[in-house]
1. Counting just the residues of the stretch 174-202 that are surrounded by fewer than 16 Cβ atoms within 10 Å (Cβ to Cβ) and over 25 Å from T103 (Cα atoms), which one comes out modelled with the highest pLDDT?
2. Does G70 satisfy the condition of being in contact (Cβ under 8 Å) with a residue 60 or more places away in the chain and not hydrophobic (A, V, I, L, M, F, W, C)?
3. Between a residue in the stretch 56-67 that is under 18 Å from N43 (Cβ atoms) and any residue that is hydroxyl-bearing (S, T, Y), which pairs come within a Cβ distance under 7 Å, given they are 6 or more apart or on different chains?
4. Hey, any hits in the stretch 67-77 for a residue that's among the small types (G, A, S) and in contact with a His (Cβ under 9 Å, 6 or more places away or on another chain)?
5. Having 2 or more residues that are within 25 Å of M163 (Cα to Cα), in contact with an Asp or Glu (Cβ under 9 Å, 6 or more places away or on another chain) and at pLDDT below 95 is the bar; report the helices (runs of 4 or more DSSP H) wholly within the stretch 1-120 that clear it.
6. All but one of (1) surrounded by 17 or more Cβ atoms within 10 Å (Cβ to Cβ); (2) of a type in the set (D, E, K, R); (3) under 27 Å from E156 (Cβ atoms) hold for E30, so report the exception by its number.
7. For the stretch 121-142, which positions are over 14 Å from S160 (Cβ atoms), out of contact with any strand residue (DSSP E or B) (no Cβ under 6 Å at 6 or more places or on another chain) and among the basic types (K, R)?
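The values are calculated or read from the model by the stated rules, or taken from the named source; none is laboratory data. Values in this document were obtained by computation on a predicted structure and should not be read as measured data. No Cβ is skipped: glycine too gets one built from the backbone with ideal geometry, and neighbour counts run over all protein chains shown.
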Amino acid sequence: MLSLGITGGIGSGKSYVSHIFTALGIPVYEADSQARSLYERNNKLRLALIALLGSEIYRDGVLQKEVVAGKIFSNQALLKNVNQLVHPAVMIDFSHWAAEQATPYVIMESAIILETPFASAVDKMLTVSAPMELRLERLCRRDAASSIEDAQKRMERQWSDAMREEKADFVVRSDGKSPLLPQVLEVHCIMGALSRQKDGVN
């Protein structure tokens, strides 16, 4: 199954772009939300996390995110160990999910796809880029409690648009000026053609 990765910084509009692909009939695997789901439904992952972080990270089978955050917030080594457990589980889950689809290609959406092993799970990469000022405006509008300073700190922890674009096969401009639909349709057509080539269909 041919696959496309979609990424972009906070407030870039990557989720909106993913929704356009969904409207075109292409299924989207949201890696971030699926990872949160795996914490509860993947028993092997749950036991591994307990062994690493302690049994207090779960209560009645539900992951206590605040407890986990408190343990890994200032401990990069521990965060790395957690990611080494979670990322492979997500990739396996994505592979199983993709195999169940019956579309020309599938999509994995993740804000950190290029910074993780997720990048090796997809055939092509699309990044959504937007001006920093617009991203800040969107983020503060979306998260009413967010301040400009908090939003900037969150963005500083992510790759820059330039870094993502360097690694991407496609770039969609979500700048409030360039129409999104024609850009997405162009990528959709290319992915469809690549899928037909892969299947040996002219």
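1. Taking the stretch 174-202 first, the residues surrounded by fewer than 16 Cβ atoms within 10 Å (Cβ to Cβ) are 175-179, 181-182, 185-186, 189-190, 193, 196-202.
Okay, now just the ones that are also over 25 Å from T103 (Cα atoms), so 175-179.
Values: D175: 92, G176: 89, K177: 92, S178: 91, P179: 95.
Ranking the candidates gives P179 first.
2. Numbers: in contact (Cβ under 8 Å) with a residue 60 or more places away in the chain: no; not hydrophobic (A, V, I, L, M, F, W, C): yes.
Against the criterion (in contact (Cβ under 8 Å) with a residue 60 or more places away in the chain and not hydrophobic (A, V, I, L, M, F, W, C)), G70 does not qualify.
3. L63/Y39; Q64/Y58
4. The initial filter retains those residues of the stretch 67-77 that are among the small types (G, A, S), namely 69-70, 74, 77.
If we keep only those that are in contact with a His (Cβ under 9 Å, 6 or more places away or on another chain) too, we end up with none.
Scanning the stretch 67-77 turns up no residue that is among the small types (G, A, S) and in contact with a His (Cβ under 9 Å, 6 or more places away or on another chain).
5. Working: elements: 14-23, 31-41, 43-53, 65-72, 76-99.
The helices (runs of 4 or more DSSP H) meeting that bar are 14-23, 31-41.
6. The single condition E30 does not satisfy is (1).
7. Within the stretch 121-142, the subset over 14 Å from S160 (Cβ atoms) is 121-126, 133-134, 136-142.
Keeping just the survivors that are out of contact with any strand residue (DSSP E or B) (no Cβ under 6 Å at 6 or more places or on another chain) gives 121, 133-134, 136-142.
Within the stretch 121-142, R138, R141, R142 qualify.
Table: residues versus (1) out of contact with any helix residue (DSSP H, G or I) (no Cβ under 9 Å at 6 or more places or on another chain); (2) loosely packed, with under 12 Cβ neighbours inside 10 Å; (3) not assigned by TED's automatic domain parsing to the domain that holds Q183.
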position: K44; (1), (2), (3): no, yes, yes
position: D60; (1), (2), (3): yes, yes, yes
position: V67; (1), (2), (3): no, no, yes
position: A77; (1), (2), (3): yes, yes, yes
position: S110; (1), (2), (3): no, no, no
